[in-house]
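The values are calculated or read from the model by the stated rules, or taken from the named source; none is laboratory data. Worth saying up front: this structure is predicted, and the values here are computed from it rather than measured. Cβ: placed from backbone, ideal geometry, glycine included. Neighbour counts: every protein chain shown.
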């Protein structure tokens with residue numbers, strides 16, 4: 001039986017250690033090939049490596065290659081998806097959207113130009129009421145929407161308070177009371193915003209809503225008005 005030189009063993013051991021910290025599959029393949037070639041060169045001629053052993057090691061190399069190919073494909077798909085998201089986001093510049101929030105803005109007094117708002121019920125409701133509060137937390141308007149179905153829907157406020165006078169210009173907040181019989185219905189609130197720009201981040205495109213609201217993801221948009 002032939003003796004394997006110590007330097008060869010050192011190189012093999014070093015390759016094995018490197019395989020554990022290899023940063024990519026190319027290094028792993030190189031380490032596998034180094035080990036395999038070293039085994040073939042130093043095997044006992046009277047007791048050579050069995051075919052199934054060689055097949056097993058070659059299969060490991062093919063597995064690593066397959067994983068790398070799959071990773072490359074996934075990276076390509078992810079890149080295409082991010083590019084598509086960017087195109088979608090860019091197309092929304094200048095458009096009005098409903099995003100999560102509870103804000104209603106009123107412009108010039110008496111004009112009734114309050115921004116739309118939206119709600120999303122997780123089930124149809126027989127009774128839905130909207131309570132609108134000013135910046136001091138005072139209830140200024142209570143709206144009865146009646147029956148409302150499930151899913152995202154947008155509504156408008158005429159900008160008038162319960163006493164019929166025009167609401168002062170400024171920011172207001174709203175809450176939702178939705179019931180079906182005696183049971184409350186869960187709801188989510190959305191406020192109006194206009195997309196003015198798109199910024200790119202490590203986690204994908206973000207829609208700039210003018211600085212009043214935090215930038216949002218495409219997935220945050222519930223309705224395009």
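One table, with the values for the structure above:
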{"quantity": "Residue 119 vs. criteria modelled with pLDDT of 95 or more, closer than 30 Å to residue 198 by Cα and within 35 Å of the chain's Cα centre (by Cα)", "calculated": "yes"}
{"quantity": "Near pairs, Cβ below 6 angstrom, 6+ apart or cross-chain, from the stretch 95-110 (outside any strand (DSSP E or B)) to any residue that is modelled with pLDDT under 90", "calculated": "95/224; 107/113"}
{"quantity": "Sole residue being part of a loop (DSSP other than H, G, I, E, B) and either modelled with pLDDT of 90 or more or surrounded by 13 or more Cβ atoms within 10 Å (Cβ to Cβ) (or both), chosen from 135, 89", "calculated": "135"}
{"quantity": "Conditions (1) in a strand (DSSP E or B); (2) surrounded by 14 or more Cβ atoms within 10 Å (Cβ to Cβ); number of the one not met by residue 157", "calculated": "(1)"}
{"quantity": "Among (1) modelled with pLDDT of 95 or more; (2) farther than 30 Å from residue 88 by Cβ - the single one residue 159 does not satisfy", "calculated": "(1)"}
{"quantity": "Which numbered condition residue 203 misses (of (1) loosely packed, with under 11 Cβ neighbours inside 10 Å; (2) modelled with pLDDT of 90 or more; (3) closer than 18 Å to residue 100 by Cβ)", "calculated": "(2)"}
{"quantity": "Close pairs from the stretch 200-221: first on the phi > 0 side of the Ramachandran plot, partner in a strand (DSSP E or B), Cβ under 8 Å, at least 6 apart", "calculated": "210/193; 210/194"}
{"quantity": "Residue within the stretch 41-49 that is at pLDDT 70 or above and surrounded by 13 or more Cβ atoms within 10 Å (Cβ to Cβ) present", "calculated": "no"}
